[in-house]
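Working notes, structure below.
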Amino acid sequence: MIRSNTQLILALDVTDRKNAVRISKETADHVDAIKIGYPLVLGSGLGIINDICKSAPVIADFKVADIPNTDRLICSQTFEAGASAVIVHGFTGRDSVLECVKTAKDFHGDIFVVTEMSHPGAVEFMQPKALELASIAVECKASGVVAPATRPERIRQIRSVVGNLTIISPGVGAQGGSASDAIRAGADHVIVGRSIYGSKAPGIEAEKIVKEIEKCR
């Protein structure tokens with residue numbers, strides 16, 4: 001389970017293990033979870049999940065998108081490696097999402113379904129279906145969804161569909177999203193990457209964002 005203390009999630013998109021562990025330790029007191037993806041796992045191996053877990057719960061952002069059986073295998077391996085949550089796509093359909101959710105329950109983990117990504121291109125194909133994808137997350141009893149901090153109005157609309165499911169929102173910082181705007185729009189956590197891990201003092205930068213979030217409460 002991810003924590004619910006600061007409402008900040010670090011997106012650790014570095015590739016070097018030593019650097020990843022260092023940043024994890026420096027930011028541990030200021031984040032509720034650390035999100036890692038293919039860049040770090042491909043650069044350091046699946047064992048990096050366990051290394052990062054020593055600092056904070058890990059969300060594996062693998063955007064799983066395959067047939068149910070393959071999704072089950074991917075999620076199983078990821079949870080066995082120590083991840084607390086896995087991010088999956090919903091466009092593959094209810095059967096695939098449901099298989100991910102079932103697998104997560106076996107490991108007492110969480111599944112977050114992508115509704116709409118934070119980059120401009122998501123408006124082309126994802127945005128028109130985002131609310132339907134949010135509905136799939138609800139129907140399959142996922143733990144939460146991913147909604148874009150770069151478009152706070154979309155967070156509001158997605159919140160109206162998902163009810164009390166957890167919303168995690170990427171795109172704060174380098175992509176132009178605002179932590180405070182996303183939280184006010186209904187996000188439970190904001191996801192920040194480059195602004196923190198690219199800083200000379202990641203811990204201090206993370207603390208600044210947490211203070212910004214605190215002003216919204």
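Which shape class applies to the range 22-77: rounded if a/c is under 1.5, otherwise prolate when a/b exceeds b/c and oblate if not, where a ≥ b ≥ c are the square roots of the Cα gyration tensor eigenvalues? Prolate, because a/c is 1.5 or more and a/b exceeds b/c.
With a 10 Å Cβ neighbour count serving as the proxy for reagent exposure, in which order, fewest first, do 91, 125, 112 appear?
Values: 91 15, 125 10, 112 27.
Result, fewest neighbours first: 125, 91, 112.
Roughly what % antiparallel, to the nearest 5, for the DSSP beta bridges in the range 8-214? Can you show the working numbers first?
Numbers: 0 of 29 bridges.
Of the beta bridges lying entirely in the range 8-214, close to 0 percent run antiparallel.
Residues 1, 117, arranged from fewest to most other Cβ atoms within 10 angstrom of their Cβ, appear as 1, 117. Please give the Cα centre distance for the range 88-111 versus the range 12-27, rounded to the nearest Å. The two parts, judged by their Cα centres, are 28 Å apart.
This model, with +1 at the C-beta of Lys and Arg and -1 at the C-beta of Asp and Glu, gives the chain a dipole about its Cα centre of some 400 debye.
Size descriptors for the chain, from the alpha-carbon set: Rg then Dmax equal 15.9, 44 Å. Rounded to the nearest Hz, the phi-derived 3J(HN,Hα) couplings of the range 155-171 under the Karplus curve 6.51 cos²θ - 1.76 cosθ + 1.60 (θ = phi - 60°) are 4, 4, 5, 5, 4, 5, 8, 8, x, 8, 5, 6, 10, 10, 10, x, x, where x marks glycine and proline.
Be a star and scan the range 173-217 for residues whose amide nitrogen sits under 19 Å from the point 7 Å along the Cα-to-Cβ vector of residue 131. Under 19 Å, as judged by backbone N against the label point of residue 131, lie 185-187 of the range 173-217. Each residue in 89, 119 was given a count of other beta-carbon atoms within 10 angstrom of its own, and listing them fewest first yields 119, 89. Here the Karplus curve 6.51 cos²θ - 1.76 cosθ + 1.60, taken at θ = phi - 60°, turns the phi angles of the range 133-150 into couplings of 5, 4, 5, 4, 4, 5, 4, 8, 6, 5, 6, x, 9, 10, 9, x, 5, 6 Hz, with x standing for Gly and Pro.
As an exercise, use a Förster radius of 22 Å and the Cβ-Cβ distance of residue 42 and residue 119 to find the FRET efficiency, rounded to the nearest 0.05. Working shown, then result.
Working: r = 20 Å, r/R0 = 0.93.
With R0 = 22 Å, the Cβ-Cβ based efficiency is 0.60.
Farthest towards the positive end of the charge dipole of the chain, among the residues 78, 64, 209, is the Cα of 209, using unit charges on the Cβ of Lys, Arg, Asp and Glu. Our note on the geometry: Cα centres of the range 115-151 and the range 59-82, 19 Å apart.
For the pair residue 164 and residue 94 in one chain, pulling the backbone fully straight at 0.36 nm per residue adds 23.2 nm over the alpha carbon distance. Three principal axis extents describe the C-alpha atoms of the range 24-146; from largest down they are 39, 32, 24 Å.
Extension gain for the segment residue 67 to residue 25, taken as residue separation times 0.36 nm less the Cα-Cα distance, is 11.5 nm to one decimal.
Where a number appears in this text, it was derived from the coordinates with a stated rule and is not lab data. Values in this document were obtained by computation on a predicted structure and should not be read as measured data. Cβ atoms come from the backbone with ideal geometry, glycine included; neighbour counts cover every protein chain shown.
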